[in-house]
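The structure appears below as structure tokens.
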Amino acid sequence: MIELIDLPVNPLPSGAVCSPVKTRDGITLRAAHWPAARHPVRGTVVLLHGRTEFIEKYFETVEELTRRGFAVAAFDWRGQGGSDRLLKDRRKGHVDDFSHYVLDLDAVMSEIVLPDCPPPYTILAHSTGGAVALLYAHKARTRIDRMVLSAPFLGIDGRFSRWLGGLTGFLCYLGLAEFYVPGGGATALSSVPFAGNIVTSDPRRYARQAAVIDAVPALGIGSATIGWVNAATRAFKIFQTEDFARQIPVPVLIAMAGADKVVSNRTIENFAIRMKMVASVRLPGSRHEILMERDIFRDPFWAAFDEFCARR
């Protein structure tokens, strides 16, 4: 297991406990948790990051949460970061089905959060993490008290989006599930040049995550596989079923990045309309990675987070 990486440009928050977690299907995950930095303790935030990401990318977020009085738990999804990789080519971003990510979250909740971290429990999830949080919510009525979703990956825009499931399903049938998507490759997406990136307008925060990959290349992954994309489209269909959104059993705050070119804000809005307990905030001009953006976008996000978490 890769230990947490402490760099001058990205210092490790104090009090970290890093440990492996074994899932029910035998995958070893890298997980970590931190105590709250002040009293009274307000509970625990479970951080769920997105595809290609890793615990170290969220050290700043961990600091911001512990200063607010929250304990924090975080981990790397299977197939990325310091957790077990699923294919011989470690740079391929792959999963057979998003339900396997639910197994990851369930294992961390059972092995670390519930026994070692104080309640109540709040999920803070970005992108793919947001999709998994929603899939998990139906199974976790007594475990999670609320969720905050940053640019959740509930669908994509584009002229071919409606055909993506059928096309990738056909390619998987042909035995191509573990191939990179066309045009994809092994270059770690966290280390591509800042110019032209579509996830953040903050060069300092972007350089910080690149520094982590430069120091430990084994943390990075490249493009998704055809199988990963097909798994995502199958999750999208679950979200689009008539009753799924209405049956989410916990309050949810959804933050949308106004300039998002990764996920579909229209799909998020349509999903939120069907929910019973939902609040939303839209951040005009923000790119996809809200927590890695400039403070002009992050500050209103944190204001919405604080207001939401102050509710009883």
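Computed from the coordinates by the stated procedures, all read-outs in this text should not be read as laboratory data. This structure is a prediction, so every number in the text was calculated from the model and none was measured. Positions of Cβ are backbone-derived with ideal geometry, glycine not excepted, and every protein chain shown enters the neighbour counts.
How much FRET efficiency would the formula 1/(1 + (r/R0)^6) give for Trp163 and Arg274, where r is the Cβ-Cβ distance and R0 is 30 Å, rounded to 0.05?
0.80
Once the piece of chain linking Asp214 and Asp243 is laid out straight, how much longer is it, given 0.36 nm per residue of separation minus the C-alpha distance between them?
On the way: separation 29, 0.36 × 29 = 10.44 nm, distance 4.47 nm.
Residue separation times 0.36 nm, minus the Cα-Cα distance, leaves 6.0 nm.
From the P(r) of the stretch 1-114, could you give the percentage of C-alpha pairs in the tail past 24 Å? Don't skip to the answer; put the middle values down first.
Working: 1504 of 6441 pairs.
Everything past 24 Å amounts to 23 percent.
State the Cα centre-to-centre distance between the stretch 125-180 and the stretch 246-312 in whole Å.
17 Å
Counting other C-beta atoms within 10 Å, which of Leu219, Leu149 has the fewest, and how do the rest follow?
Fewest to most other Cβ atoms nearby, the residues stand as Leu219, Leu149.
Can you put Glu53, Glu293, Glu242 in order, fewest other beta carbons within 10 Å first?
Lowest count first: Glu242, Glu293, Glu53.
At 1.567 mPa s and 4 °C, plugging the Kirkwood radius over alpha-carbon pairs of the stretch 17-310 into Stokes-Einstein gives what diffusion coefficient in µm²/s?
Calculated translational D: 68 µm²/s.
So in the stretch 17-310, what percent of DSSP beta bridges are antiparallel if you round to the nearest 5?
Bridges in the stretch 17-310 are about 30 percent antiparallel.
Dividing the alpha-carbon radius of gyration of the stretch 1-40 by 2.2 N^0.38 Å (N being the number of residues), what value is obtained?
Taking N as the residue count of the stretch 1-40, the ratio is 1.47.
Given +1 on the Cβ of Lys and Arg, -1 on the Cβ of Asp and Glu, and no further charges, what dipole in debye does the stretch 1-133 carry about its Cα centre, rounded to the nearest 20?
Working: 15 positive and 17 negative charges, 21 e Å.
The dipole magnitude comes to about 100 debye.
For the stretch 210-263, run through the trypsin sites (Lys or Arg not before Pro) and keep only the ones in DSSP coil with at most 16 other Cβ atoms within 10 Å of their Cβ.
Here the trypsin sites (Lys or Arg not before Pro) that fit, given the DSSP loop and packing criteria, are Lys261.
Modelled label-to-label distance, Phe170 and Ser191, 7 Å Cα→beta-carbon offset: nm?
Result for the modelled spin labels: 3.6 nm.
Contact order normalised by length for the stretch 76-124, with contacts defined as Cα pairs under 8 Å and 6 or more residues apart; what percent is it?
It rounds to 25 percent for the stretch 76-124.
Among Thr200, Thr187, which comes first, second and so on when ranked by fewest other beta-carbon atoms within 10 Å?
So the ranking, lowest neighbour count to highest, is Thr187, Thr200.
Note down the magnitude of the dipole of the chain about its Cα centre, charges +1 on Lys and Arg C-beta and -1 on Asp and Glu C-beta and zero elsewhere, to the nearest 20 debye.
Dipole about the Cα centre, nearest 20: 620 debye.
Which listed residue (Phe59, Ala245, Ser19) has the Cα farthest towards the positive end of the charge dipole for the chain, taking +1 on Lys and Arg C-beta and -1 on Asp and Glu C-beta about the Cα centre?
Positive-end residue among those listed: Ala245.
From largest to smallest, what semi-axes in whole angstrom does the stretch 179-292 give when each is the square root of 5 times an eigenvalue of its alpha carbon gyration tensor?
Equivalent-ellipsoid dimensions as semi-axes: 30, 20, 12 Å.
Hey, got the dipole for the stretch 74-113? About the Cα centre, +1 on K and R Cβ, -1 on D and E Cβ, debye to the nearest 20?
340 debye
Relative contact order for the stretch 200-290: what percent, with Cα pairs under 8 Å and sequence separation of 6 or more?
Relative CO of the stretch 200-290 lands at 33 percent.
Only helical DSSP H runs with n ≥ 4 go in: add -39500 (n - 2.57) per run for the chain, normalise by residue count and round the 222 nm mean residue ellipticity to 500 deg cm²/dmol.
Counting only the DSSP helices, I get -9000 deg cm²/dmol.
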